[in-house]
Amino acid sequence: MPDPTNPVPPDPVVRDDDTTIGDVLSASSMPQEAMMTRIEALLFVHAKPISARRIADLLGVGSVIPVKQSLAALAARYDSTGSAMSIQELAAGYQLTTRPEHNDLLAQLVREREAQKLSPAALEVLAIIAYKQPLSRVDIESIRGAGSDHLMRALLDRGLVAVTERSNKPGAAALYGTTAEFLRAFGLKALGELPREGDLSVPDSANAGDAAVEQSEAKTPEE
């Protein structure tokens, strides 16, 4: 029987980051519902996983225990209500994500946004490469009648086109073609799913402004 005059010393203090959501709730002046709302807002705008310690710091809370408990309660709420959202613990942090069953729907939206980010001139270059590949930068500019250096650089940076052939002969031009990322971005399984060239109708004046700007740019030598 414990001696009340000689109390047992307290357990060693465990660092906040080593605690789990099942530990005794740490004292916090913020009601859990309010904390859940604030955490949800933080996760919504944060593109990468964010640690419980960082969340606690942002909320002005001294312990991560109530933060972890609020995260668990928020995740349980998403599960119980059939929400499209879920909370994933990734890379020593937490991230607000969508459920896998919505991947196809969201991928369609992402593809549309990616395509919309390309200027009409860049789409023109991409279309030329898609239908005429493999071809050199000189071939592309010959078809367009305008310089295409910075447009090609943008397409290369996005991974939509790549060098598909390169001759060992000195001075031979690199040949470009589309990539698997191009197929993914435009929702294609193979190049054979591209619309037939005869089915495409583009008004002559559609890219007149872009062509005029391109004509005025200094052309760079073939790399």
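The values are calculated or read from the model by the stated rules, or taken from the named source; none is laboratory data. In this text, all values refer to a predicted model and were calculated from it rather than measured experimentally. We place every Cβ from the backbone using ideal geometry, glycine too, and count neighbours over all the protein chains shown.
Just one residue in the set Ser201, Ser148 is under 15 Å from Val125 (Cα atoms), of a type in the set (S, T, N, Q) and either surrounded by fewer than 17 Cβ atoms within 10 Å (Cβ to Cβ) or modelled with pLDDT of 70 or more (or both); that residue is Ser148. Against the condition over 16 Å from the mean Cα position of the chain (by Cα), on the phi < 0 side of the Ramachandran plot and assigned by TED's automatic domain parsing to the domain that holds Pro31, how does Leu59 come out, does it pass? When the stated conditions are applied, Leu59 passes them. Among the criteria (1) in contact with a helix residue (DSSP H, G or I) (Cβ under 9 Å, 6 or more places away or on another chain); (2) at pLDDT 90 or above, the one Ala154 does not fulfil is (2). Considering segment 178-197, the residues that are without any contact (Cβ under 8 Å) to a residue 40 or more places away in the chain and assigned to a loop (DSSP other than H, G, I, E, B) include one that is farthest from Leu126 (Cα to Cα), namely Lys189. Within segment 39-52, the set of residues being over 19 Å from the mean Cα position of the chain (by Cα) and crowded, with 17+ Cβ neighbours inside 10 Å comprises Ile39, Glu40, Ala52. Being of a type in the set (Gly, Ala, Ser), closer than 21 Å to Gly192 by Cβ and crowded, with 17+ Cβ neighbours inside 10 Å is a property that does not hold for Ala107. Any residue that is among the hydroxyl-bearing types (Ser, Thr, Tyr) and farther than 30 Å from Arg54 by Cβ - is there at least one of those in segment 119-131? Yes, the conditions are met somewhere in segment 119-131. A single member of Glu89, Glu112 is more than 30 Å from Ala172 (Cβ to Cβ), modelled with pLDDT under 90 and in the same structural domain as Gly177 (by TED's automatic domain parsing), and it is Glu112.
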